[in-house]
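**Q** Structure incoming, see below.
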Amino acid sequence: MIRSLPIWFLVVVTCLVTAEAAHAQAEGDKKKEEERAKAVAAVKKLAESQWDGILPGRQPIHKETEHFLLYGSVEEKQLESIAKSAENAFSLCSRVLKITPDDELWPGKMVVHVFGGRAEFASFSRRHANRSPERDETGGFGHEREHSYVMAGPPGFEVRRFSLETEVVQNVASATLIKKAGRKPNWFVSGFGRSVAYRTFPQQFRQERSLATSLVRNGRTAWNVWKGELSAEEGAVLNASFVDFLVHSPAMSKNFATVLSNLGEDSMFDDVLKSSNLNPDAVALAWVRWVPTAR
């Protein structure tokens, strides 16, 4: 006859198993932290050597946050503000893209280079992005084997449309999108980055929101966005408006994850909508109606 085990024995066994599992979890977490610390140290060393090649003998201002290593030739207070905005942008991206602590998007932390002078920005771009920036170009990002980075600097003329802070936010968002969701069409990537900037700095983009409304009233459509049939100036505004609609409007936000998963780098967007059980004409009309209400 099989006799039941005493309750005290079962309790002891359960406690031992639970303790062993907790110990294994703690050991695993400790190992991950050690590996991440090594990766962060390696990225720091690389970033500092890159700056030494551009500004030899001159130490950049440095700021470290949970997800970023920032280096800049700007005032410390400005870099601190940029660091805060970068974290806010990453937090928004994490909610929208469903990023979890288990997602290892890049080695260690993303590096953010902020240049106060045009010559520094151009020099970094030539050395590490392997090209000279266009006269009106003020930022960019890159994903390399050793690290991921964002860069921002002033334009090649006196008038600056957006702050360095805004430029960093847009590129952090675009870079994060690609690492989490894979390559997407250029209009979508740039639109996503600018959409995050809309949400981070709403007051800065009030005029641009109004411009989007004017362009739509003058006949620009969602089909123009999808097919790349807009000028550079129109595209910058309407790409962002349309992606912002996909992410945040009540009509589309619940479908965004499905649309994103069906969207490839060379996809025809109307086909993507159809494969997501959405009618392209209905989506285009919903965007037109949403644009004047966007905040």
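The values are calculated or read from the model by the stated rules, or taken from the named source; none is laboratory data. Predicted, not measured: the structure shown is a model, and the values here were computed from it. With ideal geometry, Cβ positions are generated from the backbone for all residues, glycine too; neighbour counts draw on all protein chains shown.
**Q** In region 259-275, which residues are surrounded by fewer than 16 Cβ atoms within 10 Å (Cβ to Cβ), assigned to a helix (DSSP H, G or I) and acidic (Asp, Glu)?
**A** Correct list: 271 only.
**Q** Given the criteria out of contact with any Pro (no Cβ under 8 Å at 6 or more places or on another chain), more than 19 Å from residue 288 (Cβ to Cβ) and in a helix (DSSP H, G or I), does residue 215 qualify? Spell out the reasoning first.
**A** Details: out of contact with any Pro (no Cβ under 8 Å at 6 or more places or on another chain): yes; more than 19 Å from residue 288 (Cβ to Cβ): no; in a helix (DSSP H, G or I): yes.
Against the criterion (out of contact with any Pro (no Cβ under 8 Å at 6 or more places or on another chain), more than 19 Å from residue 288 (Cβ to Cβ) and in a helix (DSSP H, G or I)), residue 215 does not qualify.
**Q** Right, next: Take the residues of region 89-102 that are within 16 Å of the chain's Cα centre (by Cα) and surrounded by fewer than 13 Cβ atoms within 10 Å (Cβ to Cβ): which is farthest from residue 177 (Cα to Cα)?
**A** Taking region 89-102 first, the residues within 16 Å of the chain's Cα centre (by Cα) are 89-101.
Keeping just the survivors that are surrounded by fewer than 13 Cβ atoms within 10 Å (Cβ to Cβ) gives 95, 98, 100-101.
Details: 95: 12, 98: 11, 100: 13, 101: 16 Å.
Looking at residues that are within 16 Å of the chain's Cα centre (by Cα) and surrounded by fewer than 13 Cβ atoms within 10 Å (Cβ to Cβ), I get 101.
**Q** Looking at residue 242, is it part of a helix (DSSP H, G or I) and in contact with a Leu (Cβ under 6 Å, 6 or more places away or on another chain)? Outline the logic, then answer.
**A** On the way: part of a helix (DSSP H, G or I): yes; in contact with a Leu (Cβ under 6 Å, 6 or more places away or on another chain): no.
No: the conditions fail for residue 242.
**Q** Might you check whether a residue that is modelled with pLDDT of 70 or more and in a helix (DSSP H, G or I) occurs anywhere in region 15-29? Step through it out loud before you land on a result.
**A** Applying the first criterion (modelled with pLDDT of 70 or more) to region 15-29 yields none.
The answer is no; no qualifying residue exists.
**Q** Can I ask one more? Being over 27 Å from residue 223 (Cα atoms) and surrounded by fewer than 18 Cβ atoms within 10 Å (Cβ to Cβ) is the requirement here; does residue 153 meet it? Let's see the steps before the verdict.
**A** Details: over 27 Å from residue 223 (Cα atoms): yes; surrounded by fewer than 18 Cβ atoms within 10 Å (Cβ to Cβ): no.
So residue 153 fails the test.
**Q** Go through (1) surrounded by fewer than 19 Cβ atoms within 10 Å (Cβ to Cβ); (2) of a type in the set (Phe, Trp, Tyr); (3) within 16 Å of the chain's Cα centre (by Cα) and name the single condition residue 192 misses.
**A** Evaluating residue 192 over (1) surrounded by fewer than 19 Cβ atoms within 10 Å (Cβ to Cβ); (2) of a type in the set (Phe, Trp, Tyr); (3) within 16 Å of the chain's Cα centre (by Cα) leaves (1) as the failure.
**Q** For region 115-141, what are the residues that are among the small types (Gly, Ala, Ser), surrounded by fewer than 16 Cβ atoms within 10 Å (Cβ to Cβ) and without any contact (Cβ under 8 Å) to a residue 40 or more places away in the chain?
**A** 119, 129, 132, listed by residue number.
**Q** Any residue in region 252-281 that's assigned by TED's automatic domain parsing to the domain that holds residue 96: show its pairings with residues that are in a loop (DSSP other than H, G, I, E, B) at Cβ separation under 9 Å, as long as the two are six or more apart or on different chains.
**A** none
**Q** Next question, about the same structure. If you go through region 220-242 one residue at a time, do you hit one that is at pLDDT below 95, closer than 28 Å to residue 84 by Cα and within 18 Å of the chain's Cα centre (by Cα)?
**A** Yes, the conditions are met somewhere in region 220-242.
**Q** Could you grab me the full set of residues in region 209-247 that are surrounded by fewer than 18 Cβ atoms within 10 Å (Cβ to Cβ) and either in contact with a Cys (Cβ under 7 Å, 6 or more places away or on another chain) or of a type in the set (Asp, Glu) (or both)?
**A** 229, 233, 234, listed by residue number.
**Q** May I pose another question? What pairs come up if the first residue lies in region 182-207 and is free of Cβ contacts under 8 Å to residues at least 12 places away in the same chain and farther than 16 Å from residue 257 by Cα, the second is part of a helix (DSSP H, G or I) and basic (Lys, Arg), and their beta carbons are under 9 Å apart, counting only those six or more places apart or on different chains?
**A** 205/194
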